[in-house]
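What follows is calculated from the coordinates using simple rules that are stated; it is not laboratory data. This one's a predicted model, so the numbers in the text were calculated from it and none came from an experiment. Here the Cβ is made from the backbone with ideal geometry for all residues, glycine too, and neighbour counts use every protein chain on show.
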Amino acid sequence: MDCTIASASDKGLRKEENQDYLSYYDGPTHKNGLLLVLADGIGGRSGGGTASKIAVETLMEYFYSKKNINIPVVIKKGFKEANRVVVEKGDQDISLNGMGCTMNAVVLRDDKMYHNNVGDSRGYIISGDEISQFSTDHSFVSDLVKAGAITEEDALTHPERHVLTKAIGIDPKLPIETNKEYLQIENSQYILLCCDGLYGVVPDEEILDTVNTLKSPDDICKKLIEKANENGGPDNISLIVVRINNIGLVSNLKNKFKALMR
């Protein structure tokens, strides 16, 4: 699979510290696939930036240390290991006690995308004129929306919209589900991982328009950070953008065959 990846991070206009952290595999083709991870330190807690860095690096190291992997299972175990290490570090250092973060991870292998997340950092697939969220928001307002108590529009301005129901580092027994579902990826699609410092102030429609106008992942990253700051930059802003250039001949033939069989 051939793809172009870019990332960017900015502390925003109202924060003194950037507590986000992101990373992705940047090397020769690896049999485990291409792992991309983004984390957002929990606001109001000491050590949010430390938690983000530890969680992301722990997951990256864990994932690439395994052989002959079942991707969904390894991602789940990697999240659990990241949570264990963050909790342990917080217990060892009183200045970091209670630190935590969100975390969103994607693995690309062949023509498939596997994913998992904790917290409210998001993942989007952008294909043509459509943008769709594939991650799950673990937040108080998300639960209210699912219950029909408020609308998605209400959630954008709800006073408790930043309250999380799950986070790395807060609960030593944090439940992590095995997300066995995968998404079929196609040529010319874009994958976006971002924190709420972006999607919370830049509407999905603007994100979609920026992607389709600029095309280049690097230009997209720069422009979206610029837009978030133009809209007030109330929080740290971080994102990873992947453009799928070519999933390969074999994968293309498989997809065409599946399309014919529908």
Q.
Quick check on segment 110-262: take the gyration tensor over C-alpha atoms, sort the square-rooted eigenvalues as a ≥ b ≥ c, and tell me if it's rounded (a/c under 1.5), prolate or oblate.
A. oblate
Q: Please sort through the DSSP H helices of the chain and keep those with an alpha-carbon extent of at least 20 Å along the long axis and a Kyte-Doolittle average not below -1.0.
A: 48-65, 71-92
Q. Amide H to amide H, which residues 5 or more places from residue 139 or on other chains are under 5 Å from it, using H placed in the peptide plane?
A. 165
Q. Given 0.36 nm per residue, what is the gain on full extension from residue 88 to residue 245 after removing their alpha carbon distance, in nm?
A. 52.4 nm
Q | For the chain, built as a Gaussian network whose Cα springs stay under 10 Å, the top-fluctuating residue of 51, 147, 155 | A | 147
**Q.** Average Cα contact separation per residue, segment 61-181, under 8 Å, 6 or more apart, as relative contact order %
**A.** 30
(Q) Apply the Karplus curve 6.51 cos²θ - 1.76 cosθ + 1.60, θ = phi - 60°, to the phi angles in segment 151-163 and return the couplings in whole Hz, x for Gly and Pro. (A) 8, 4, 5, 4, 4, 5, 10, 4, x, 10, 5, 9, 7
Q.
Using a Förster radius of 35 Å, what is the FRET efficiency between residue 68 and residue 165 based on their Cβ-Cβ separation? Nearest 0.05, please.
A. 0.55
Q. What is the chain by shape, rounded, prolate or oblate, if you read a ≥ b ≥ c off the alpha carbon gyration tensor as root eigenvalues and call it rounded for a/c under 1.5, prolate for a/b larger than b/c, and oblate otherwise?
A. oblate
Q: Just rank 3, 101, fewest to most, by other beta-carbon atoms within 10 angstrom.
A: 3, 101
Q: Pick out, in residue order, every one of the GluC sites (Glu not before Pro) in segment 28-115 that is DSSP loop and has at most 11 other C-beta atoms within 10 Å; say none if there are none.
A: none
Q. What number comes out for the charge environment of residue 246, summing +1 per Lys or Arg and -1 per Asp or Glu over other residues with Cβ under 13 Å away?
A. -3
Q: Note down the relative contact order for segment 2-261 as a percent, whole number, built from C-alpha pairs under 8 angstrom at least six residues apart.
A: 27
Q: Before rounding to the nearest 500, sum -39500 (n - 2.57) across all DSSP H runs of length at least 4 in the chain and divide by the residue total; then give [θ] at 222 nm in deg cm²/dmol.
A: -11000 deg cm²/dmol
Q: Using the structure shown, select from 76/112; 146/173; 77/166; 166/215 the pairs with a Cα to Cα distance greater than 22 angstrom.
A: 146/173; 166/215
(Q) Can you tell me, using C-alpha contacts under 8 Å and at least 6 residues apart, the relative contact order of segment 109-260 as a whole percent? (A) 28
(Q) What do you get for GluC sites (Glu not before Pro) in segment 118-194 restricted to DSSP loop and a cutoff of at most 12 other Cβ within 10 Å of the site's Cβ? (A) 160, 177, 181
